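Since the structure comes first, as structure tokens, the remarks are kept for the end.
The values are calculated or read from the model by the stated rules, or taken from the named source; none is laboratory data. The structure displayed is predicted, hence computed values, not measured ones. No Cβ is skipped: glycine too gets one built from the backbone with ideal geometry, and neighbour counts run over all protein chains shown.
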Amino acid sequence: MDHGQWKPAKIFQALEEAARVNEQAAPGRVGDVRRRNLSLVLDSIARNGDAKPSRAQVAAGTGLTKAAVSSLVADLVESGLVSEVGLYRDGERGRPGQGLELSSRRGVVGMEINVDYLAVGLVDLGGSLRFSSTVESRNRGLKPGAVMEKLGELASQAKAAATSAGITILGGGLAVPGLVDEQRNIVLSAPNLHWEHEQLNPQALLEDAPLGVRLSNEANSAALGELWYGDGPADFLYVSGEVGVGGGVIIGSELYTGPGGSAGELGHIVVHPEGPSCSCGGVGCLETFAGQEAIFEAARIPEGSLGRRTELLLAALAADEQHAKRAVRDAGRYLGIALASSARLMDIEAVVLGGHFAVLADWLKPAVLSSLERYAPGLLEPESLTVSRLEHSGTLLGAAGQVIRAVIESPFEFILGKPA
Ligand SMILES: [Zn+2]
């Protein structure tokens with residue numbers, strides 16, 4: 001068998017072609033085809049967000065007829081998912097056309113529970129963060145109910161912001177630092193929160209939202225945020241630095257989670273066989289050297305709020321303080337070891353650093369690069385190690401973005417007028 005002939009993309013293309021022909025040939029099956037074409041059109045508008053394409057450009061990009069696109073766009077505009085903006089000419093002699101964009105009057109709330117803070121952000125369909133709020137909150141060891149109650153207060157702020165901006169909330173995404181069962185809303189394991197098999201009720205955070213609230217892993221959401229709203233290339237490893245160290249693997253512009261949903265757990269790669277015990281039950285994991293608390297402790301930063309400790313650490317680094325410099329250098333060295341092994345295993349071409357790794361990048365990167373050069377020489381170019389510009393909003397954008405993607409992939413339900 002010649003595996004070289006296996007070209008899934010081409011097969012899907014052929015199926016789509018067949019579907020378009022079927023639309024004319026078999027009127028009885030129009031529903032399915034229309035459903036798919038609505039998604040095709042919405043996806044084309046989303047992909048060309050900055051260009052605000054005209055109907056004619058969408059037709060050219062999707063291969064659908066102009067008449068079909070006009071009819072589909074009419075439904076998308078009526079449902080509130082797409083807005084018309086501005087006027088410009090299609091070609092020299094054409095009539096002025098209107099640009100299309102995902103509506104800024106529909107939004108999704110991204111939410112995050114982390115060990116030291118809670119955050120919410122209101123993201124419109126076009127991906128603009130319209131409102132955000134973060135509060136420090138010591139969630140470790142608290143029962144999920146208590147944490148969800150506090151998060152509910154923040155969610156109310158997002159709802160109020162949406163109301164005053166005239167934005168209808170379609171749904172929400174909730175990211176937590178642990179392994180989740182998205183279908184059943186269960187946090188399977190979040191060792192840094194001390195949560196094991198905890199049932200959540202995320203829908204209660206946004207009771208009126210037609211699409212409900214989708215649970216996700218924090219690092220995976222941040223990786224998707226980077227892919228959709230940051231500078232992430234089509235293939236990269238996102239490294240999330242929080243109290244825990246997480247990772248998200250993006251391959252071919254898709255998140256790879258593995259069958260159990262736990263792929264990319266960079267923080268629990270062993271970097272020192274005789275290292276300290278880890279929250280996961282193992283020993284010598286990257287997190288025990290490069291997690292936020294491990295760095296604060298090694299740098300001898302006194303207990304306190306996350307913001308205060310970060311300030312003190314940055315001040316110590318700026319003052320060339322030895323413990324601080326060594327703590328961050330060690331974190332970088334071990335992070336480099338974990339990345340070297342990951343790059344060998346996964347053929348990774350790019351790495352994006354987020355969370356505290358982004359904050360500490362100036363001091364951390366040289367040590368990461370020297371580890372990479374030592375343990376995986378020539379494998380990762382120095383330029384391919386980049387720092388996220390989204391900072392902490394990456395997780396919110398990614399958590400919300402997953403719901404926005406779901407709408408783009410299946411807008412038909414909105415056309416039926418089910419969700420308000
Ligand atoms: Zn571990």
Options Ala190, Ala204; residue that is of a type in the set (Gly, Ala, Ser), surrounded by fewer than 24 Cβ atoms within 10 Å (Cβ to Cβ) and over 18 Å from the mean Cα position of the chain (by Cα): Ala204
I'd like to know if region 153-169 contains one or more residues that are in a strand (DSSP E or B) and not acidic (Asp, Glu). yes
Does Ser70 fit the bill of being modelled with pLDDT of 60 or more and buried (at least 16 other Cβ atoms within 10 Å of the Cβ)? no
Quick test for you: out of Glu321, Glu349, Glu293, Glu297, pick the one residue that is under 18 Å from Asn114 (Cβ atoms), of a type in the set (D, E, K, R) and out of contact with any Pro (no Cβ under 6 Å at 6 or more places or on another chain). Glu293
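Here's the yes/no breakdown for (1) outside the structural domain of Gly336 (by TED's automatic domain parsing); (2) more than 16 Å from the ligand (Cβ to nearest atom); (3) among the polar types (S, T, N, Q):
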residue	(1), (2), (3)
Pro259	no, yes, no
Ala263	no, no, no
Val271	no, no, no
Thr288	no, no, yes
Glu293	no, no, no
Going through region 240-257 one residue at a time, which ones are within 15 Å of the ligand (Cβ to nearest atom) and β-branched (Val, Ile, Thr)? Val243, Val245
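Quick grid of which residues meet (1) touching a Ser or Thr at 6+ places or on another chain (Cβ under 6 Å); (2) surrounded by 19 or more Cβ atoms within 10 Å (Cβ to Cβ):
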| residue | (1), (2) |
| --- | --- |
| Gly107 | no, yes |
| Glu112 | yes, yes |
| Gly141 | no, no |
| Gly152 | no, no |
| Ala158 | no, yes |
Evaluate region 44-67: report whether one residue or more is under 20 Å from Ile415 (Cβ atoms), surrounded by fewer than 17 Cβ atoms within 10 Å (Cβ to Cβ) and among the hydroxyl-bearing types (Ser, Thr, Tyr). yes
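Yes/no matrix, rows are residues, columns are (1) more than 30 Å from Glu242 (Cα to Cα); (2) not acidic (Asp, Glu):
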residue	(1), (2)
Val82	yes, yes
Gly99	yes, yes
Met111	no, yes
Val120	no, yes
Ser133	no, yes
Glu136	no, no
Gly141	no, yes
Val147	no, yes
Leu154	no, yes
Residues (modelled with pLDDT of 95 or more and within 28 Å of the chain's Cα centre (by Cα)) located in region 294-307: Ala294, Ile295, Phe296
Residue pairs meeting the criteria (Cβ under 8 Å; at least 6 apart or on separate chains; first over 15 Å from Leu151 (Cβ atoms) and without any contact (Cβ under 8 Å) to a residue 60 or more places away in the chain, in region 189-201; second away from the ligand (no atom under 13 Å from the Cβ) and among the charged types (D, E, K, R)): Ser189/Glu196; His194/Arg140; Gln199/Arg184
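Yes/no per residue for (1) within 16 Å of the ligand (Cβ to nearest atom); (2) of a type in the set (A, V, I, L, M); (3) within 30 Å of Ser341 (Cβ to Cβ):
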position	(1), (2), (3)
Gly173	no, no, no
Val180	no, yes, yes
Leu188	yes, yes, yes
Asn192	yes, no, yes
Ala223	no, yes, yes
Assess whether Thr395 counts as being part of a strand (DSSP E or B), among the polar types (S, T, N, Q) and within 24 Å of Glu293 (Cα to Cα). no
Take region 300-321 and flag every residue that is polar (S, T, N, Q) and within 20 Å of Val368 (Cβ to Cβ). Thr310
Subset of region 258-310, residues surrounded by fewer than 20 Cβ atoms within 10 Å (Cβ to Cβ), in contact with a Ser or Thr (Cβ under 7 Å, 6 or more places away or on another chain) and closer than 17 Å to Met346 by Cβ, comes to Ala263
Somewhere in region 298-306, is a residue of a type outside the set (Gly, Ala, Ser), more than 11 Å from the ligand (Cβ to nearest atom) and assigned to a helix (DSSP H, G or I)? yes
